[in-house]
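Since the structure comes first, as structure tokens, the remarks are kept for the end.
The values are calculated or read from the model by the stated rules, or taken from the named source; none is laboratory data. Quick caveat, the model's predicted, so the values are computed rather than measured. Because the Cβ atoms are built from the backbone with ideal geometry, glycine has one as well, and the counts that use them run over all protein chains shown. Areas reflect the complete protein model, heavy atoms only, side chains present, ligands, DNA and RNA absent. Shrake-Rupley method; radii C 1.70, N 1.55, O 1.52, S 1.80 Å.
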Amino acid sequence: MCKGLAALPHTCLERAKEIKTKLGTLLQKPDSTIDFIIPYPEKPEKPPKAQKPSPEEALQWRDSLEKLLQNPYGLASFLSFLRSEFSEENAEFWVACEDYKKTKSPVKMAEKAKKIYEEFIQTEAPKEVNIDHFTKAVTMKNLVEPSSTSFDMAQKRIFALMEKDSLPRFVRSEFYQELIK
């Protein structure tokens with residue numbers, strides 16, 4: 001086998017190594033050596049103290065999922081509601097994507113991309129989100145060379161699903177009704 005590999009043209013070997021390097025980070029589990037160099041998982045940041053919103057502020061959430069998700073108390077309430085319905089994967093994916101976009105280090109970005117892919121995107125993932133085949137294919141293609149926009153299409157699809165389905169259910173829930181009193 002080594003003789004056959006050595007006989008390949010030099011450029012083919014370089015190309016094979018390049019592809020292996022690009023896909024290796026994303027698709028393979030990290031070596032224990034890498035675990036010692038790069039702490040995995042990254043130390044979580046302390047969440048900001050969430051102050052309960054005024055009823056007027058909470059009323060704005062019924063018309064704007066974006067405002068709801070940007071408010072720490074609103075996000076926490078929304079996640080609690082979704083957990084009570086066993087349907088929190090979409091909101092958790094959205095949060096993971098927002099965190100991913102803030103990542104500056106290419107190494108950490110690749111680690112987070114792999115984690116998000118394995119947890120939410122790949123078939124049979126523990127918290128697989130419901131995205132169409134085309135969106136999944138585009139996302140997978142984007143992950144060959146992870147960037148801050150790798151999950152944008154999937155995140156927009158999930159946002160639209162939450163806006164159409166989860167937000168109306170949340171607005172009718174006791175979680176929300178208590179906030180607007």
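State which entries of 102/127; 101/181; 104/164; 115/156; 104/156; 104/136 exceed 26 angstrom in Cα-Cα distance in the structure shown. Please report the intermediate quantities before stating the final value.
Details: 102/127 22 Å; 101/181 35 Å; 104/164 32 Å; 115/156 19 Å; 104/156 21 Å; 104/136 24 Å.
Too far apart for the 26 Å limit: 101/181; 104/164.
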When the accessible area of the stretch 55-178 is computed with all protein chains present and a 1.4 Å probe, what percentage of it is carbon and sulfur?
-> 53
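For the stretch 55-178, report the accessible area per residue in Å² (1.4 Å probe, heavy atoms, rounded to an integer). Mind showing how you got there, number by number?
Numbers: 6730 Å² over 124 residues.
Normalised by residue count, the accessible surface of the stretch 55-178 is 54 Å².
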Label-to-label distance, nm, for residues given as residue 62 and residue 124 (7 Å Cα→Cβ offset) | 4.4
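Pull out the extension gain between residue 104 and residue 86, defined as 0.36 nm times the separation in residues minus the alpha carbon to alpha carbon distance; nm, one decimal. Present the calculation step by step, with values, prior to reporting the outcome.
Details: separation 18, 0.36 × 18 = 6.48 nm, distance 3.25 nm.
Length difference between fully extended and current span is 3.2 nm.
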In terms of the alpha carbon gyration tensor, root eigenvalues a ≥ b ≥ c, rounded if a/c is under 1.5 and otherwise prolate when a/b exceeds b/c or oblate, the stretch 55-178 is prolate
Rounded to one decimal in nm, the spacing of the 7 Å Cα→Cβ label points at residue 50 and residue 177 is 2.0
Pulled fully out, how much extra length does the chain show between residue 141 and residue 165, if you take 0.36 nm times their separation in residues and subtract their Cα-Cα distance?
-> 5.8 nm
